[in-house]
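Heads up, the thing below is written out as structure tokens.
The values are calculated or read from the model by the stated rules, or taken from the named source; none is laboratory data. Note that the coordinates shown come from a computational prediction; the quantities given were computed from them, not determined experimentally. Neighbour counts are summed over all protein chains in view; Cβ atoms, including those assigned to glycine, are modelled from backbone coordinates with ideal geometry. The protein model used for the area step is the full one, side chains on, heavy atoms only, and it has no ligands, DNA or RNA in it. Shrake-Rupley method; radii C 1.70, N 1.55, O 1.52, S 1.80 Å.
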Amino acid sequence: KPTGSSFLPQDTIDRAAVGSPIEKAKLAKDGTSAFVDVYEYAAKFRAGEMTWEEVEKADMNTRLKFVGMLHRDKRTPGQFMMRLKVPNGI
């Protein structure tokens with residue numbers, strides 16, 4: 001099954017592997033699977049099987065941004081902001 005990084009040239013993947021922690025996190029898990037992970041996290045949160053502190057830091061700071069969820073560690077720990085697009089504005 002092709003993923004986001006499977007379309008990249010090998011030299012780009014090699015540079016990302018030694019790059020910043022954000023690039024390493026993008027290579028570790030495919031960003032398109034974040035949509036499924038949001039539903040799995042929500043189900044676990046509701047069932048009490050998991051807390052927001054147990055979510056991997058790389059997931060909170062990089063992959064959840066792909067689906068429009070932002071987490072601000074220092075200002076509002078444990079709360080998320082959701083980015084929405086409204087047609088024609090408000």
Output ordering of 26-34, 67-75 (per-residue mean of other Cβ within 10 Å, highest first) is 26-34, 67-75
From highest to lowest solvent-accessible area (probe 1.4 Å; ligands, DNA and RNA excluded), I13, I22 read I22, I13
Counting only protein heavy atoms and leaving out ligands, DNA and RNA, the solvent-accessible surface of E49 at a 1.4 Å probe, in Å² to the nearest 10, equals 130
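Give the accessible surface of the chain per residue, rounded to a whole number of Å², with probe radius 1.4 Å and ligands, DNA and RNA excluded.
Result: 78 Å² per residue.
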I22 neighbourhood, Cβ < 14 Å, K/R = +1, D/E = -1, net charge +4
Of every hundred units of 1.4 Å-probe accessible area on the chain, the number belonging to carbon and sulfur atoms, as a percent, is 58
Filtered pair list for the chain (Lys only, Cα < 20 Å, 8 or more apart or interchain) has a length of 15
Computed on Cα atoms, Rg of the chain relative to 2.2 N^0.38 Å comes out at 1.25
Treating only Lys and Arg (+1) and Asp and Glu (-1) as charged, each at its beta carbon, one finds that the chain has a dipole about its Cα centre, in Debye to the nearest 20, of 380
In nm, the gap between the two label points placed 7 Å beyond Cα toward Cβ at E53 and L27 is 3.2
The chain: relative contact order from alpha carbon pairs under 8 Å, six or more residues apart, as a whole percent, is 20
Row for the stretch 33-78, column shape: gyration tensor on C-alpha, a ≥ b ≥ c, rounded if a/c < 1.5 i.e. under 1.5, prolate if a/b over b/c, else oblate; value oblate
